[in-house]
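Just so it is clear, none of the values below were taken in a lab; they were calculated from the coordinates. Here the structure is a predicted model, which is why all the values come from computation and not from measurement. Cβ: placed from backbone, ideal geometry, glycine included. Neighbour counts: every protein chain shown.
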Amino acid sequence: MGEEKTEAVYTHGHHPSVLRSHSWRTVANSAEYLIKYLKPDMYILDVGCGPGTISIDLAANYVSQGKVLATDYAEDVLKTAKASADEQRIKNIEFETADIHNLHYPDNTFDVVHAHQVLQHITDPVKALQEMLRVVKPGGFVAARDTDYESFEWYPDIDGMDFWKQKYLEVARANGGDPLIGKYLHAVARRAGYDHDRLETTAGVWCYTSKKEVAWWSDLWAERTLKSSFATTAKTNNIATQEDLERIAKAWENWGKSQDPRFILVHGQIVYQK
């Protein structure tokens with residue numbers, strides 16, 4: 001394990017509009033593919049936990065006799081996660097800063113190593129997957145889920161939404177990430193040395209159609225377009241002007257107010273047994 005840190009830049013940052021999205025996530029809606037492998041006494045490493053809702057759900061409802069260690073690169077968001085766990089009186093969970101490229105844990109430590117929507121944002125997902133495999137026990141599981149922004153679909157076709165997707169892809173790549181990785185997550189795992197015969201590859205979908213879901217999704221994207229780290233990167237790298245960002249935010253607002261709106265996100269999922 002090397003000491004050098006590989007920089008990870010999170011495209012969205014941790015603006016409140018971003019955390020509203022992340023705080024919706026649970027095991028059921030974001031890691032259902034992993035449930036069948038979980039046992040109550042497992043020790044889980046949840047990498048890139050953000051506000052910790054999936055981590056806390058794992059600790060409280062899936063490994064109540066075990067333990068969860070939740071990590072993130074950003075120290076501030078871990079404070080939010082810890083406060084949430086404390087408020088819910090979840091005792092079998094701890095929080096630490098960690099770099100997924102260089103995990104500071106011994107070989108063969110965890111029963112499960114999990115990462116949700118992390119690999120798309122980092123500079124070297126192959127190295128990250130190698131580190132995740134290194135710290136999981138023989139017989140244990142590495143699990144990862146990432147989306148493919150190119151596959152995002154919505155209805156109706158609102159002016160400015162295609163422009164948003166184009167600019168999002170440019171911003172994510174400017175940060176060194178790969179916003180399409182969900183499409184070929186299994187192939188990245190193969191490059192990291194994962195044996196094809198022990199690699200389960202599946203897909204998951206989020207689909208927002210109800211009035212409540214649509215209002216929530218459109219509002220948070222309109223806000224994060226103007227106020228999150230996405231806006232800063234877009235302007236700093238001359239990818240988008242303030243006028244462009246305002247056009248995108250308006251497109252999200254118009255989509256949210258349209259008749260019969262629907263938004264679909266496809267995720268690639270892998271589970272690998274060591």
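Count Lys and Arg as plus one, Asp and Glu as minus one, and take only other residues whose Cβ is under 13 Å from that of Tyr33; the net charge is then -1.
Only helices enter this figure: runs of n ≥ 4 DSSP H residues, each worth -39500 (n - 2.57), summed and divided by the residues of the chain, yield -11500 deg cm²/dmol at 222 nm to the nearest 500.
Here the Kirkwood formula puts the hydrodynamic radius of segment 16-273 at 19.0 Å, using every distinct Cα pair. Placing pseudo-labels 7 Å out from each Cα toward the beta carbon at Trp216 and Thr202 gives an inter-label distance of 2.2 nm. Note down the Stokes-Einstein diffusion coefficient of segment 62-215 in µm²/s, whole number, using a Kirkwood radius over alpha carbon pairs, 37 °C, and 0.692 mPa s. The diffusion coefficient I find is 185 µm²/s.
For segment 184-226, the spread of Cα coordinates along the three principal axes comes to 43, 25, 10 Å, biggest extent given first. For the set Lys39/Lys274; Lys79/Lys183; Lys39/Lys67, the pairs lying more than 21 angstrom apart at their alpha carbons are Lys79/Lys183. Between Tyr155 and Ala83, full extension at 0.36 nm per residue minus the direct alpha carbon distance yields a gain of 22.1 nm.
Of Thr232, Thr71, Thr147, the residue with the greatest mean-square motion in the GNM of the chain, using alpha carbon springs below 10 Å, is Thr232. What is the Cα centroid distance between segment 105-161 and segment 211-274, reported in whole angstrom? Each part's Cα centre sits 20 Å from the other's. Extension gain for the segment Phe163 to His104, taken as residue separation times 0.36 nm less the Cα-Cα distance, is 17.2 nm to one decimal. The calculated Kirkwood hydrodynamic radius for segment 57-113 is 12.2 Å, given to one decimal from all distinct C-alpha pairs.
Only Cα sites of segment 16-134 enter the Debye sum here, all with the same form factor; the resulting log10 I(q)/I(0) across q = 0.12, 0.18, 0.23 1/Å is -0.38, -0.91, -1.51, listed in q order. Over the chain, Cα pairs under 8 Å with separation of 6+ residues give a relative contact order of 23 percent. Simple spin-label model, 7 Å along Cα-to-Cβ: Ala187 to Asn238 in nm? Output for this residue pair reads 3.2 nm. For the pair Gln65 and Asn92, label points projected 7 Å from Cα toward Cβ lie 0.8 nm apart.
With Rh defined as the Kirkwood radius, the inverse of the mean 1/r over Cα pairs, the Rg/Rh of segment 139-274 is 1.05.
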